[in-house]
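The values are calculated or read from the model by the stated rules, or taken from the named source; none is laboratory data. Quantities reported herein were computed from a predicted structural model and do not represent experimental measurements. Cβ placement follows ideal geometry from the backbone for every residue including glycine, while neighbour counts extend to all protein chains displayed. Accessible surface is based on the protein model in full, side chains and every heavy atom, while ligands, DNA and RNA are left aside. Shrake-Rupley method; radii C 1.70, N 1.55, O 1.52, S 1.80 Å.
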Amino acid sequence: MVAVSGLALSLSLSSCKKDFGEINKAWANQTYSANIPGLFNNIIASLANQGSAGTIYTSWIYQNTQLAGMYAASGYRMDNQVGSIWGNYYTALANARKMEALIAADPNTAKMTNIKAMLKTLMAYQTLKTTFLYGDMPYAEAGKAFTDGVAFYRPKYDAQADIIKAALGDLKWAIDNFTSASDQVSLGGAETLFANDLTKWTKFANSIRLRYALAIHQKDASTANTVIAEALAKPLLSATENMGLYPSAIPDYFNDRGGWYRGNSYIRMGSTMWNAMSSSNATDGSGIYDLRCKILFEPNRAGEWAPFPQVPSSSTPTETGEPYAESRLTTWATTDNYKYSPLNFYYVADRMFPLLLVSGAEVSLMKAEIYNRGIGGVTANPVTAKAAYDEGVSESVKFWYKLANGSSIWAVNKPAAAPTVLELTTMLASPGVNYSATPATALAQIYKQQWIALFHQPFEAWTLCRRTNYATPGVALPSTSPAYNIFRLTYPQSEIDSNNENWRAVTGGTDSPTKKPWFMP
């Protein structure tokens, strides 16, 4: 194996704040050897290590997507928050480049097809996620400084269209090359994502491929239709399958999201989400028809359902109080007098909720869209579309019931392990959910339900909003809103400082979140 100095330690043992066992213990001043299992485990750990992503969610993305509302402007600056996500990706990419080199040099390289496919899948997912946040970015030349030297210290930016197509191609290679051959080398315990289950890896890769093919359909229907047709012919997540990082399955890992909602985040349930879940503004909640509402949100301090206006006026009463303080674990009824309905305290506080990568509900709703629109070589079929739609909505509801019921900290208003058949049937038949016989109306319903189902995945909800040109629920935001016309994250200061020539070539010297990335219609 190739020795790596302590200065280049990020290649193999970059510390993950949330920990992934022994492989991620704190750095010490000594020399380590990069190895394939350690690098792979670290790349998995990077899925959780998104740094300031939570602050970006609550300060800008929740408002932009209208998944929630903010009653005051955040004290954070976006340009100060984007660097850790960018850095996390490029650390993972450098690790992947090093891992590729080690695989190529290993005498058993011919028996590492599955490891190569797993690596391609992970990095394609990370690459697609990142380019959908920033747009054009360094890719073909990136992550090679440690392996290939000084010529790659300042990598050129690639066009987003080219990056997406390359990543979709890598996913195809992985799907086509996963093998059950008995001579394949196993990563053993270093494979902390799916425990070497190739069926799960295949479904994950194919479901992600379907997601991003749909995301580019409005800009490149030819490429998208080919990928969609291929994905539908391969294994996808079933409606009941959900893939992500589960604290219960990964030693020493927990998903602490509490800090995203306190301090300068100022998050409450917004009127857009309320109107998507309730048929009236009755403060007693009697108009609520969406069974997820009382799991994801809760009444205000007075016990009333009161959403914060998505576009507040000068006469909107100001908000005070803190509904997310951990003291509510022991004293539920805080003395703080918050006027508007917050996100459910337990949703915010539970550290054992997973970091979802893709869910069965999302896949079902993607199928509903495909059969509604008649794309990807599929003939439009309202019956099939409705079946997939009902399945996606139902499984999203069941997911949240099961997760909330299984919470060890949830004590007040804890939901059942699953909704009753009558409850679910009533919800699906309600005017706000019941699938329309009019295709255009039905498509709007699909986008609405996909948007709600992605509540726990704000960046994916943002992609949905942008790829559909904001056909998801929402009201027009004023130009004074911090989330007004935010279509991408800006590049971090590190690019201006260390890769200025290439940064200028892609931005013209002015970087703006209002510049639409290529995939947007």
Next on the checklist: Quick test for you: out of T426, T379, pick the one residue that is in a loop (DSSP other than H, G, I, E, B), among the β-branched types (V, I, T) and either over 21 Å from L464 (Cα atoms) or at pLDDT below 95 (or both).
Outcome noted: T379
Checklist outcome for this item: How many residues of the stretch 265-294 are in a loop (DSSP other than H, G, I, E, B), open to solvent by 10 Å² or more (accessible area, probe 1.4 Å) and of a type outside the set (D, E, K, R)? The answer is 9
Item to check | Residue in the stretch 440-453 that is assigned to a loop (DSSP other than H, G, I, E, B) and either touching a helix residue (DSSP H, G or I) at 6+ places or on another chain (Cβ under 8 Å) or open to solvent by less than 10 Å² (accessible area, probe 1.4 Å) (or both) present | outcome: no
Checklist entry - Within the stretch 176-199, is there a residue that is more than 13 Å from I115 (Cβ to Cβ), open to solvent by less than 40 Å² (accessible area, probe 1.4 Å) and assigned to a helix (DSSP H, G or I)? => result no
Item to check | Residue ID - farthest from T199 (Cα to Cα), chosen from residues in the stretch 224-255 that are modelled with pLDDT of 95 or more and among the charged types (D, E, K, R) | outcome: E230
Checklist entry - Based on what the data block shows, is A505 over 30 Å from Y153 (Cβ atoms), among the small types (G, A, S), open to solvent by 50 Å² or more (accessible area, probe 1.4 Å) and not in a loop (DSSP other than H, G, I, E, B)? => result no
Checklist entry - Which members of the stretch 124-143 meet the condition of being part of a loop (DSSP other than H, G, I, E, B) and either on the phi > 0 side of the Ramachandran plot or among the hydroxyl-bearing types (S, T, Y) (or both)? => result G135, Y139, G143
Checklist entry - Would the stretch 437-458 turn up any residue that is farther than 23 Å from T384 by Cα and charged (D, E, K, R)? => result no
Next on the checklist: Among (1) open to solvent by 60 Å² or more (accessible area, probe 1.4 Å); (2) at pLDDT 95 or above; (3) of a type outside the set (A, V, I, L, M); (4) in a loop (DSSP other than H, G, I, E, B), there is one condition K386 misses while meeting the rest; what is its number?
Outcome noted: (4)
Next on the checklist: List pairs: first residue in the stretch 422-434 and surrounded by 14 or more Cβ atoms within 10 Å (Cβ to Cβ), second residue assigned to a helix (DSSP H, G or I) and among the acidic types (D, E) anywhere in the structure, Cβ distance under 8 angstrom, at least six positions apart or on different chains.
Outcome noted: L428/D390
Checklist entry - Can you find even one residue in the stretch 340-353 that is assigned to a loop (DSSP other than H, G, I, E, B), over 25 Å from the mean Cα position of the chain (by Cα) and crowded, with 18+ Cβ neighbours inside 10 Å? => result yes
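Quick one: is T480 under 22 Å from Q81 (Cα atoms), of a type outside the set (D, E) and more than 17 Å from the chain's Cα centre (by Cα)?
yes
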Checklist entry - Looking at the stretch 354-369, is at least one residue of a type in the set (V, I, T) and out of contact with any helix residue (DSSP H, G or I) (no Cβ under 6 Å at 6 or more places or on another chain)? => result no
Checklist outcome for this item: By residue number, the members of the stretch 158-169 that are open to solvent by 40 Å² or more (accessible area, probe 1.4 Å) and in contact (Cβ under 8 Å) with a residue 40 or more places away in the chain are A159, K165
